[in-house]
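The values are calculated or read from the model by the stated rules, or taken from the named source; none is laboratory data. Predicted model, so just to flag it, every value in this text is computed and none were measured. Positions of Cβ are generated from backbone atoms using ideal geometry, with glycine treated the same way; all protein chains shown enter the neighbour counts. Side chains included, ligands, DNA and RNA excluded: accessible areas come from the protein's heavy atoms. Shrake-Rupley method; radii C 1.70, N 1.55, O 1.52, S 1.80 Å.
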Amino acid sequence: MCIRDRYQRRVRDRSTESMEIVGQTVRNWMNTSDPSFNLAVRVGMALLCICTAAEWISPVAYGRFGEQAVLGLDPRVGWWLMELPCTLVFVYNFYVIGGPQTNKPVPKFLGALSVSAEG
C-alpha cells in the first residue's frame, strides 16, 4: 500500500467519524426531554423548508421591487407582516405573563404606546 492510499484512507476515516459526531449531536439536539421544545424545533424546521421552497418557486416581493413577482403585496401590508411577530411577542410577555409592575399606570401606558407604535 502506497503512502497516498494510506493518507486517503485516513482522511476518509476521519471524515466518517466527524460526520457520525455531527449526526449524533443533531439527534440529541432534536430529541430533548422537553416535548414542547421538540415540537417547536420541528415546526420551525418545517416552516424553514416550506418558505425556502416557496421562495425558490415564486419570489414574493412587495413595494417597488414587486413588479416581477407572481404574488404582490402592498408595502404597508408587507411591513405589517414583518412587524407582527414582534408585536405579538411583546403583548404576550408584557400583558399575559407580566411582571411585578405590569399593573401600574406608567408601564401600562408605555406598553400601550409601544404596541400602537409597532402596529
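Structure above, values below:
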| item | result |
| --- | --- |
| Yes/no for Leu47 being at pLDDT 85 or above and either in contact with a strand residue (DSSP E or B) (Cβ under 7 Å, 6 or more places away or on another chain) or among the hydrophobic types (A, V, I, L, M, F, W, C) (or both) | yes |
| Which numbered condition Leu71 misses (of (1) modelled with pLDDT under 80; (2) open to solvent by 80 Å² or more (accessible area, probe 1.4 Å); (3) over 30 Å from Trp56 (Cβ atoms)) | (3) |
| Extreme residue, most open to solvent (accessible area, probe 1.4 Å), among residues of the range 92-119 that are farther than 20 Å from Arg76 by Cα and in contact with a helix residue (DSSP H, G or I) (Cβ under 6 Å, 6 or more places away or on another chain) | Gln101 |
